[in-house]
Structures are given as C-alpha cells and as structure tokens.
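One structure below.
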Amino acid sequence: MNIEDQRVVKIHYILKDDVGDIIDSSEGKEPLPYIHGTGALIPGLERELAGRAAGEEFEVTIEPEEGYGELDPELVQAVDRSVVGDIEGLQPGMQLEARDPDGHVRYVIVREVSEETVVLDANPPLAGRTLHFKVTIDSIREATAEELEHGHAH
C-alpha cells in the first residue's frame, strides 16, 4: 500500500537545521501519525511522502516556501511592555499566548525586551528556515470514517 490521500500514515523523523543541529525528532517516541492530504504536515514534506510505501527511508530538504513560509516582517511588532503584563523573568526566546483582534489565540515569541517595550514575533518558529528531514515510513492504512470526520488519526 502506498501513501495516498485519506490514508493514515505513521512516520519516524529527524528534523535538522542548516548546520545539522536537531530541531525535533520522533526518536524514542511513537511514530507521528497523520492523515495524508489533510494539510496536517508542511506542504513540501507531504508532497515528498506521496506515493511512497511503508518501510521506505529518505532524506529531503524543504525550503521555507514549502515549509512554514518566509519570515513576514509585519508579524514582528514592538509593543508597550504593559501589553504583556507582569511576567516574571520575561526574556527573549519565551513563547507567549496572545489574542488577535478576532479573539483567536496566537502564539508569539519574545524577540527583545527593554524597560519600555517588548518586541513580539507572531511568525511560526520555523518560518524562514530551510528544514532537513530524515524520514522512515512506519505504516500506512486506510483512514476510518470517524478519523476523516475528525480530521486526524486515532
């Protein structure tokens, strides 16, 4: 059975950056399950998985436009420090939860902290980065009607 839309696929992966540092990995964990064709993975990785079979292992480099996108400078804003409240130990690299004007929760990363302002970045943490994956396909099966209805593998 090959990977096609509406099939549950389980993969093991190692994700590295351009210098070879591991960003994320399923090593020592259960394989990552997803339903192919639902947009659960970044587009470039999902495209590279299409048509492959269980047991296959491959390496692929995904450029930002097929990953988490390019960095959008409009998503980086300096705000008055009062906007983030009294967060003890506020420092660059921290991830905060924020609400957009429509009330949706967004996660932002603190980039800079001064006495008066805090620079917040709402870009995805891996935006603008080239991603290097080593992937092993663990298993493939048809998704159940319930999984398709819910949009995720059970």
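Laboratory data are not the source of any read-out in this text; all were calculated from the coordinates shown. Quick caveat, the model's predicted, so the values are computed rather than measured. So basically every Cβ, Gly included, is an ideal-geometry build from the backbone, and we count neighbours across all protein chains shown.
Observations on the structure shown:
- Checking every one of the GluC sites (Glu not before Pro) in region 49-92 against DSSP loop status and a limit of 11 other Cβ atoms within 10 Å picks out Glu88.
- Taken about its Cα centre, the chain carries a charge dipole of roughly 380 debye when the Cβ of each Lys and Arg holds +1 and the Cβ of each Asp and Glu holds -1.
- The His104 and Glu57 beta-carbon pair, evaluated with R₀ = 30 Å, returns a calculated FRET efficiency of approximately 0.20.
- If the chain linking Glu146 and Val119 were pulled fully straight, counting 0.36 nm for each residue of separation and taking away their Cα-Cα distance, it would gain 5.5 nm.
- In a reduced charge model with +1 at each Lys and Arg Cβ and -1 at each Asp and Glu Cβ, region 73-121 shows a dipole moment near 120 debye about its Cα centre.
- For region 50-154, chymotrypsin sites (Phe, Trp or Tyr not before Pro) meeting the loop criterion (DSSP other than H, G, I, E, B) and having at most 16 other Cβ atoms within 10 Å: none.
- Convex hull volume of the chain per residue (C-alpha atoms, cubic angstrom): 150 Å³
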